[in-house]
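K.L.:
Submitted below is the structure of interest, expressed as structure tokens.
The values are calculated or read from the model by the stated rules, or taken from the named source; none is laboratory data. Everything numeric in this text was worked out from a predicted model, so none of it was measured. Glycine also receives a Cβ, built like all others from the backbone with ideal geometry; neighbour counts cover every protein chain displayed. Just the protein is used for accessible areas: all its heavy atoms, side chains included, with ligands, DNA and RNA removed. Shrake-Rupley method; radii C 1.70, N 1.55, O 1.52, S 1.80 Å.
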Amino acid sequence: MLKTYRRKHVAHDTYVALSHFQSLVPMMDAYVYNDGTTKNLMSLSGTIPVLFEEVTYNIPVCVWIEASYPQTAPICYVTPTCDMMVLSGKYIGSNGEVLLPYLEDWKNGKCDLVSLLQVMIVTFADLPPMCMKPHPEPEEAPCWLQFHRQAEVLPTTDGSLYLNLAGEDDLPFQQENETNC
């Protein structure tokens, strides 16, 4: 898996990150850059635990490691599930890209994957990068459907007709609630 990542440093950083964040999984996949070019890169994908308002949330992330790592910072994204949506803001782009100062100020030898993931956890605890999609309010049924009951048109002894509506308990309304036609 690490053919293009020949440095022991990369393997060591990856190993340490995976031992600290056991929900992350290393994989090789195609990464598409903004200009449309594609490269096969290693990534760490999974979740990181973020404590927000005394509740721990597992935030899905993907950390792409370029062949130039550790000279260059990884490319990081939050990767919401279909029930989540990205909250773009100060540190999160509308496409889910993580835009932390730690990444912008990346220094070879002083920055590593574990520290990066810890900075993400602390930052996301203050400014959550995503939330659950709001479930649309169930549309209120039209008035005629709200009161739809099984109706019967029944004849009376004098030949006229009346409409008999069953109540919510499926028992007929009392005679005073019946309508003569």
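K.L.:
When you look at Phe173, is it among the aromatic types (Phe, Trp, Tyr), surrounded by 11 or more Cβ atoms within 10 Å (Cβ to Cβ) and at pLDDT below 90, yes or no?
P.N.:
When the stated conditions are applied, Phe173 passes them.
K.L.:
So which residues in segment 80-113 are β-branched (Val, Ile, Thr) and within 22 Å of Pro26 (Cα to Cα), if there are any at all?
P.N.:
Result: Thr81, Val98.
K.L.:
OK, next. Would you kindly identify the strands (runs of 3 or more DSSP E) lying entirely within segment 1-109 that contain at least 2 residues that are loosely packed, with under 13 Cβ neighbours inside 10 Å and within 23 Å of the chain's Cα centre (by Cα)?
P.N.:
Fully inside segment 1-109 and qualifying: 25-32, 55-65.
K.L.:
For segment 50-92, which positions are free of Cβ contacts under 8 Å to residues at least 12 places away in the same chain and not hydrophobic (A, V, I, L, M, F, W, C)?
P.N.:
Glu53, Glu54, Thr56, Ser68, Ser88, listed by residue number.
K.L.:
Out of segment 110-136, which residues are closer than 15 Å to Val98 by Cα, open to solvent by 50 Å² or more (accessible area, probe 1.4 Å) and in a loop (DSSP other than H, G, I, E, B)?
P.N.:
Residue satisfying the conditions is Leu127 alone.
K.L.:
Could I ask something else about it? Looking at (1) farther than 21 Å from Val119 by Cα; (2) out of contact with any strand residue (DSSP E or B) (no Cβ under 8 Å at 6 or more places or on another chain); (3) touching a residue at least 24 places away in the same chain (Cβ under 8 Å), which is the one condition that is false for Gly36?
P.N.:
Every listed condition holds for Gly36 apart from (3).
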